[in-house]
Amino acid sequence: MVLSAGDSVVDMTAQTMIVPAYAAPSAKAPLERTTIERRAVGASDVLIDVKYAGICHSDIHQARDGWGEGIFPMVPGHEIAGVVAAVGADVTKFKVGDRVGVGCMVDSCRECENCRAGLEQYCAKGNIQTYNALDKNGEPTYGGYSKHIVVDEAFTLRIPDGLALDVAAPLLCAGITTYSPLAHWNAGPGKKVAVVGLGGLGHMAVKIAHAMGAEVTVLSQSLRKKDDGLRLGADHYYATSDDATFEQLAGSLDLIVSTVSAPLPLDKYLGLLKTDGAFVNVGAPEEPVSLNLFSLILGRRSLAGSGIGGIQETQEMLDFCAEHGLGAEIEVIRAEQINEAYERVLASDVRYRFVIDADTI
Ligand code: NAP
Ligand code: ZN
Ligand code: ZN
């Protein structure tokens, strides 16, 4: 059976399908339109008609090989929202027409202690990333900058009715990457939480922390986005370019979540924590950072990291966002604007997530 699915050639009897996509042909090369091969829909797979794909700063790190070991050509995109176009014979969770999402992982070993605990992102054998990874069949994975994607139903999320697909797409990475540490470190009433960097992740962190009931402070490089920050739910907004900020807030915060994509002077930020406070880093800069360990010793402070979230927790986050009416603030772009959007993200000129309209791919 040949399914007419946009420009994709989906021959349900063949082993593969040909799908239009945007790819970086090599490290640092601009992304361009191409076609990729995807596996045919297996028994436990869903075929998703991608409607929107968010642009995460991680896409840029990887498309430019900033983290090393990139697999090219690379089709980025791990903030995927779309509609189920076909299901395999054994699929029970989804049917054609369902609104679904895919985040940063498309599989894991499903057997290790972490996978069994719903922490597939920390799979002992390494989860299989949505792109820039090798799938269980040994083929490279390709992400959401494409018309269609085939994903096992176990790694497919349900997008609640209350959330439009375009504002839901960024939740699949920016939403869960901030929800998970905020939940784990108990952001809530009575807690003073700071978010460093008001970009894609940062603006979701502000919305989610506010919805959890915390007192939220934004620490941004400048006051340029202050009005937005307060509108999104922040109670306070400071510029980190002003040294007075670090004097004023010294020892005052319970939790800091840093979403900054570049190395930060950690000692300065750790000094903002109360006794037993925690600095949780989700930003993934390309260079290492240095640290004076006395910044932790004095005040029994913790320095931690956090990576995305498990599948069950991602569903919980989507349901939480729907319940609280939280979508991303987005600028929808056409696929041919991807390279321009990358430059704007690098210049911190994004309010607050670019989302590709997949119909333009
Ligand atoms: P983004 O939209 O570019 O936001 C990053 C923000 O950091 C910028 O908007 C800017 O905020 C601030 N910033 C940028 N350069 C800075 C600098 N040199 N000094 C201080 N602040 C700076 O990026 P994103 O998509 O939110 O991603 C943020 C980081 O998280 C990336 O490194 C990404 O790879 C990583 N990430 C990690 C995970 C994970 O699982 N841990 C998941 C997704 C993404 P202001 O303009 O407000 O200062
Ligand atoms: Zn991401
Ligand atoms: Zn595992």
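The values are calculated or read from the model by the stated rules, or taken from the named source; none is laboratory data. Values in this document were obtained by computation on a predicted structure and should not be read as measured data. With ideal geometry, Cβ positions are generated from the backbone for all residues, glycine too; neighbour counts draw on all protein chains shown.
What about Ile71, is it within 16 Å of Asp135 (Cα to Cα) and surrounded by fewer than 20 Cβ atoms within 10 Å (Cβ to Cβ)?
Numbers: within 16 Å of Asp135 (Cα to Cα): yes; surrounded by fewer than 20 Cβ atoms within 10 Å (Cβ to Cβ): yes.
The answer is yes for Ile71.
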_Return the residues of the range 182-212 that are buried (at least 24 other Cβ atoms within 10 Å of the Cβ) and touching a strand residue (DSSP E or B) at 6+ places or on another chain (Cβ under 6 Å); say none if nothing qualifies._
Ala187, Val193, Ala194, Val195, Val196, Leu198, Gly200, Gly202, Ala205, Val206, Ala209
*Starting from the range 256-283, keep only residues that are under 18 Å from Ile208 (Cβ atoms), then list their pairs with residues that are of a type in the set (S, T, N, Q) and more than 16 Å from ligand 2 (Cβ to nearest atom) whose Cβ atoms are within a distance under 6 Å, requiring at least 6 positions of separation or different chains.*
Ala278/Ser302
*Exactly one of (1) out of contact with any His (no Cβ under 8 Å at 6 or more places or on another chain); (2) surrounded by 19 or more Cβ atoms within 10 Å (Cβ to Cβ); (3) over 23 Å from Val345 (Cα atoms) is unmet by Ile48. Its number?*
(1)
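Which one of Val206, Val195, Val260 is under 29 Å from Glu343 (Cβ atoms), of a type in the set (A, V, I, L, M) and assigned to a loop (DSSP other than H, G, I, E, B)? Walk me through it before giving the result.
Values: Val206 fails: assigned to a loop (DSSP other than H, G, I, E, B); Val195 fails: assigned to a loop (DSSP other than H, G, I, E, B).
Answer to the check: Val260.
If I filter the range 53-90 down to residues being β-branched (Val, Ile, Thr) and within 16 Å of ligand 1 (Cβ to nearest atom), which single residue comes out as farthest from the chain's Cα centre (by Cα)?
From the range 53-90, those β-branched (Val, Ile, Thr) are 55, 60, 71, 75, 80, 83-84, 87; that's our starting set.
Cutting the leftovers down to within 16 Å of ligand 1 (Cβ to nearest atom) gives us 55, 60, 80.
Details: Ile55: 9, Ile60: 12, Ile80: 10 Å.
Among those residues, the one meeting the criterion is Ile60.
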*Can you run down the residue pairs with Cβ atoms below 6 Å, 6 or more apart or on separate chains, where the first is in the range 115-128 and hydrophobic (A, V, I, L, M, F, W, C) and the partner is away from ligand 2 (no atom under 16 Å from the Cβ) and in a strand (DSSP E or B)?*
Ile128/Asp107
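From the set of residues in the range 91-123 that are part of a loop (DSSP other than H, G, I, E, B) and closer than 26 Å to Leu201 by Cβ, which is farthest from ligand 1 (Cβ to nearest atom)? So that I can check it myself, show each step before the final result.
So in the range 91-123, the residues part of a loop (DSSP other than H, G, I, E, B) come out as 91-98, 103-104, 108-112, 117-119, 123.
Restricting the remaining residues to those that are closer than 26 Å to Leu201 by Cβ gives 103-104, 108, 117-119, 123.
Values: Gly103: 9, Cys104: 7, Ser108: 15, Ala117: 18, Gly118: 16, Leu119: 13, Cys123: 14 Å.
So, considering only residues that are part of a loop (DSSP other than H, G, I, E, B) and closer than 26 Å to Leu201 by Cβ, the one farthest from ligand 1 (Cβ to nearest atom) is Ala117.
Out of the residues in the range 133-146 that are in a loop (DSSP other than H, G, I, E, B) and within 19 Å of the chain's Cα centre (by Cα), which is nearest to Leu119 (Cα to Cα)? Walk me through it before giving the result.
Going through the range 133-146, the residues in a loop (DSSP other than H, G, I, E, B) turn out to be 133, 135-139, 141-145.
Now narrow it down to the ones that are within 19 Å of the chain's Cα centre (by Cα): 133, 141-145.
On the way: Ala133: 19, Thr141: 21, Tyr142: 22, Gly143: 21, Gly144: 23, Tyr145: 26 Å.
Among those that are in a loop (DSSP other than H, G, I, E, B) and within 19 Å of the chain's Cα centre (by Cα), it is Ala133.
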_Breaking point among (1) on the phi < 0 side of the Ramachandran plot; (2) more than 9 Å from ligand 1 (Cβ to nearest atom); (3) out of contact with any Cys (no Cβ under 6 Å at 6 or more places or on another chain), for Gly190_ = (1)
*Given Val167, Val151, which one is over 12 Å from the mean Cα position of the chain (by Cα), among the hydrophobic types (A, V, I, L, M, F, W, C) and more than 20 Å from Met105 (Cβ to Cβ)?*
Val167
*How many residues, within the range 348-361, are farther than 17 Å from Ser146 by Cβ and at pLDDT 95 or above?*
2
*Of the residues Glu79, Glu69, which single one is among the charged types (D, E, K, R), in contact with a Cys (Cβ under 7 Å, 6 or more places away or on another chain) and in the same structural domain as Val355 (by TED's automatic domain parsing)?*
Glu79
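Is it the case that some residue within the range 171-183 is more than 16 Å from ligand 2 (Cβ to nearest atom) and out of contact with any Phe, Trp or Tyr (no Cβ under 8 Å at 6 or more places or on another chain)? Steps first, answer last, please.
Step one: filter the range 171-183 for residues more than 16 Å from ligand 2 (Cβ to nearest atom), giving 182-183.
Subsequent filtering for residues that are out of contact with any Phe, Trp or Tyr (no Cβ under 8 Å at 6 or more places or on another chain) retains 182-183.
Looking for residues that are more than 16 Å from ligand 2 (Cβ to nearest atom) and out of contact with any Phe, Trp or Tyr (no Cβ under 8 Å at 6 or more places or on another chain), one finds at least one in the range 171-183, hence yes.
Looking at Thr259, Thr245, Thr217, Thr275 in this structure, which one is within 16 Å of ligand 2 (Cβ to nearest atom) and not assigned by TED's automatic domain parsing to the domain that holds Leu346?
Details: Thr245 fails: within 16 Å of ligand 2 (Cβ to nearest atom); Thr217 fails: within 16 Å of ligand 2 (Cβ to nearest atom); Thr275 fails: within 16 Å of ligand 2 (Cβ to nearest atom).
Every option except Thr259 fails the conditions.
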